[in-house]
Structure formats: C-alpha cells, structure tokens
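Structure first, commentary second.
Quick note: the coordinates plus some simple rules give every number you see, no bench work behind them. Being a predicted model, the structure only gives us computed values, none of them experimental. Virtual Cβ from ideal backbone geometry, glycine too; neighbours counted across all protein chains shown.
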Amino acid sequence: MGKDQQANGQKQPDYEGPPIVLKGRLPDAITEETEDKKHEKKHRSLQTWFNGLLVIFTAITAAIGIWQGRLTHEAIGTAARQAKAAEDANALTKSGFEASERRANEAARAGIQQNKAAVQASIDQLHLDQRAWIGIQRADAKIDLSAPGVTNTVTAEAINTGKTPAIGVHVAREIVGVNNNTQRPIFTYSESVTNGAAELVPNGTMPIPIEFTFTDEEIKEFRAKTRIVYFAGTIWYEDVFARRHTTNFCMFIDQGFKSSASFSACSWHNTAD
C-alpha cells in the first residue's frame, strides 16, 4: 500500500493468500510466557499460603502473649496476695508476740508488786509486833473544894505496852470544866504545846500531871453534880522504826464533893495509831 492510498483513507484489503509461516523465536517466547504465568500463579499461591500461615502464627503468638500476660497477671496477683498474707501473718505474729510480752511484763510486775506487798505486810506485822504502844492506864485526882483558887491536881499515868522503847515522847494536856447541860467539848492540840520529850521503855510508865483551880461558882456546881471536869490531851512519840504515832486521851469526873476520885474514860477522843 502506497502512501497516497493511506492518505486517502482507504483501508488495506485483508490478506487472502496462503498461510504465512513465521520462523524464528516466537514459540520460545510463548513457552516462556506460559512458564512465567505458571511461576507467578505458583508464587501467588505460595504467597497466599504464607500469608495465611503468617496470620495464623501472628494469632497464635498474640494468643500466647495474652495467655502469658494473663499468667503473669495472675502470678503477680498471687505473689501480692502471698505477700499480703505474709505481712498479715507477720503483723499477727508481732501482735501476738507483743501481747505475750505485755502479758509477761504485766505478770512480772504483778508478781513483783505481790512480792513487795507480801514483804511489806511482813515488815508491817513485825513493826506492829515489836513497836512501842503508849496508852493511859489510869488518872487520879486530889480535889480541894474548901475555897476558890485552891490548887487541885490530876495525874494520869501513861504506859508503854509495846516491846521496844518509845522515843521522843511529849504531851499536850488540859483540864476543861463544863456544865453537864453543855455540849461535850472538842479537844485539838498542837505539838508545840508540850512538856518536853522523854523515852519510855517497854512496860515503863510516865506520870502526866496537871494542876487547876475552881471558882466559887464552879465549886457550887461541882458539889451539886452539875459540873463535869474533863482531863484530855495528846501524846506524840516515835517507835524504833522511825515511825511517828499519836495517842489521844480523854477522862472525866463528876463525883461531886469527894476530895479524891478516879477519872472515867470518855466515849470519844480515846484513840491510838
């Protein structure tokens, strides 16, 4: 076909001759293309299979990771619970030990206090058994009612009934005369009012004298038995264990005009410690 014909837009007629046989490398090219396609198909198949295995492996790996994470979490939780249990056990053991120690200390202190109390009780009993005891065993009076202002004398006798001496014995005493319709007197003394100090041996006695006078009115009341004369006082002393003691005494007489008489003990102010 010439150029003029192509330019005129005319179509080249189909070839109607005998078959054309091409010689050269075309069959080899077709064979290679077929083989490439086979290899490509096989490669895609292998790639698909590999990708599937990779997905399965990834899923298995993820599952194993999750399982291992769960196991790790459970192990951590178990370890934490075990640690808490151990801590609680230690705290309980410590608390029990402290409670046992506290009970032991309390028991020891109680035992010590009990022993001290027992020893002190023995010491106190020894002191009570061996100490000095001072009391008043009698009081006599010589009364002269012949005239007002005449001196009258009352003498009390103190005695140490204990087993050891009484040390530093000193006395405060007084005579109080009241009408028998008057409320009974209250006696209170200070140690500064004393007649000196003395030592009184076991079973030893000590006189406690006092002098007083009556007025004319008091003589009349005494003779009419409407006047009571009280002789009262306090004795202070120490025992050989350096413990201080006091003895209070009170006696009275209301025997009228008798010139001599013995006093009777009051119902109060007669104590000893």
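One table, with the values for the structure above:
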quantity: For the range 79-90, 3J(HN,Hα) per residue [Karplus equation, 6.51 cos²θ - 1.76 cosθ + 1.60, θ = phi - 60°, Hz, x = Gly/Pro]; calculated: 5, 5, 5, 5, 5, 5, 4, 5, 5, 4, 5, 5
quantity: Inter-site label distance for Glu35 and Lys94 at 7 Å from Cα along Cβ, in nm; calculated: 8.4
quantity: Karplus-derived 3J(HN,Hα), 6.51/-1.76/1.60, for each residue of the range 37-46, Hz, glycine and proline x; calculated: 4, 4, 5, 5, 4, 5, 5, 5, 5, 5
quantity: Under-5 Å amide H pairs with Arg138, H placed in peptide plane, nonlocal only; calculated: Glu157
quantity: Chain lengthening between Glu191 and Ile112 when straightened (0.36 nm per residue, less Cα-Cα); calculated: 24.5 nm
